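Visitor: Here's a structure for you.
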Amino acid sequence: MDLLSIVGLVLAAVSIGLGAILKGAGLHALISSAAFMIVVVGTVAAICVQTPLEVMRRAFAMLPWVFRPPPCEPALLVRKIVEWSNISRRQGLLGLDSLINAESDAFLRKGLQLVVDGSDPETIRNTLELDLHAREAADTRAARVFEGMGVYSPTLGIIGAVLGLMAVMQNLNDPSKLGHGIAAAFTATVYGIGMANLFFLPIANKLKVAVAAHTHLNEMQIEGLIALAQGENPRIIEGRLLGFLH
């Protein structure tokens, strides 16, 4: 569980809510069904027009990574590949065949199968890097969905403010409605800018960090599997892979 994400979102809510109270506006000033419709629903509409369905599905499937990133334990991977190297030196590469189905990581399992099948190092690298780049590109496109929402929401907040001011201008003959109307108009701006900078853009960047960490782990797996296929000494393999930990 990523505690920093939880702390950040809680502090974001507190900063806006407490800020509204300290400024004298009160929490009720932040509640506006019109602002919600214009900014939130409008942002969702814009991103639906921009994004293919499969990318949208992937984006929301990745959303839990903000709180629980994919497992990334490079030190455990180093120990695992060194152990495989020791087995292969005693029993040959076929001695690793029984370990393939027991491997939970699909990427590592595919690579180990290539090694056991006797594929040459260049084939192993090309095959796995193709999978790596395709997965990284798909995950990055998905993360950019939230980045796009962070771009659209401030603009929609301005649209909401303009619509509110238009309503105010229509009631200039009733001064009692002017103050409330102007305050309501700027609520949409708070929604748009606040959601972009405290929610959408931070989430997009957090997901990009998770994608980069996963890619780094996959690159480490590729180097380890190639060294395994080349029959390198376990100590050399361990030293090479430990370089990725820095």
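The values are calculated or read from the model by the stated rules, or taken from the named source; none is laboratory data. Since the model is a prediction, treat every value here as computed from it, not as a measurement. Using ideal geometry, Cβ is built from the backbone for each residue, glycine included, and neighbour counts are taken over all protein chains shown.
Visitor: Out of the residues in region 215-246 meeting the condition of being part of a helix (DSSP H, G or I), free of Cβ contacts under 8 Å to residues at least 24 places away in the same chain and within 26 Å of the chain's Cα centre (by Cα), tell me which one is surrounded by the fewest Cβ atoms within 10 Å (Cβ to Cβ).
Guide: Only one residue tops the list, namely Gly243.
Visitor: Are any of the residues in region 16-30 in contact (Cβ under 8 Å) with a residue 60 or more places away in the chain, over 23 Å from Pro202 (Cα atoms) and surrounded by 14 or more Cβ atoms within 10 Å (Cβ to Cβ)?
Guide: Within region 16-30 (the criterion being in contact (Cβ under 8 Å) with a residue 60 or more places away in the chain, over 23 Å from Pro202 (Cα atoms) and surrounded by 14 or more Cβ atoms within 10 Å (Cβ to Cβ)), the answer is yes, since at least one residue qualifies.
Visitor: In addition: Among (1) modelled with pLDDT under 90; (2) closer than 30 Å to Ile193 by Cα, there is one condition Val49 misses while meeting the rest; what is its number?
Guide: (1) is the only condition that Val49 fails.
Visitor: Of everything in region 113-140, what is of a type in the set (D, E, K, R) and modelled with pLDDT of 90 or more? Give them in sequence order.
Guide: Answer for region 113-140, where residues must be of a type in the set (D, E, K, R) and modelled with pLDDT of 90 or more: Glu122, Arg125, Glu129, Asp131, Arg135, Glu136, Asp139.
Visitor: Also, I was wondering about something else. Going through Ile6, Ile38 one at a time, which residue ends up being closer than 30 Å to Glu136 by Cβ and of a type outside the set (Lys, Arg)?
Guide: Residue meeting the stated conditions: Ile6.
Visitor: Please pick out the residue among Ala13, Ala25 that is in a helix (DSSP H, G or I) and outside the structural domain of Thr189 (by TED's automatic domain parsing).
Guide: Result of the check over Ala13, Ala25: Ala13.
Visitor: Something else about it: Sort out which residues of region 28-37 are in a loop (DSSP other than H, G, I, E, B) and among the hydroxyl-bearing types (Ser, Thr, Tyr), and write them in order of number.
Guide: Across region 28-37, the qualifying residue is only Ser32.
Visitor: On the given criteria, is Ala204 assigned by TED's automatic domain parsing to the domain that holds Leu128 and modelled with pLDDT of 85 or more?
Guide: yes
Visitor: Does region 62-81 hold any residues that are in contact (Cβ under 8 Å) with a residue 60 or more places away in the chain and surrounded by fewer than 17 Cβ atoms within 10 Å (Cβ to Cβ), and which are they?
Guide: Leu63, Phe67, Arg68, Pro70, Cys72, Pro74, Ala75, listed by residue number.
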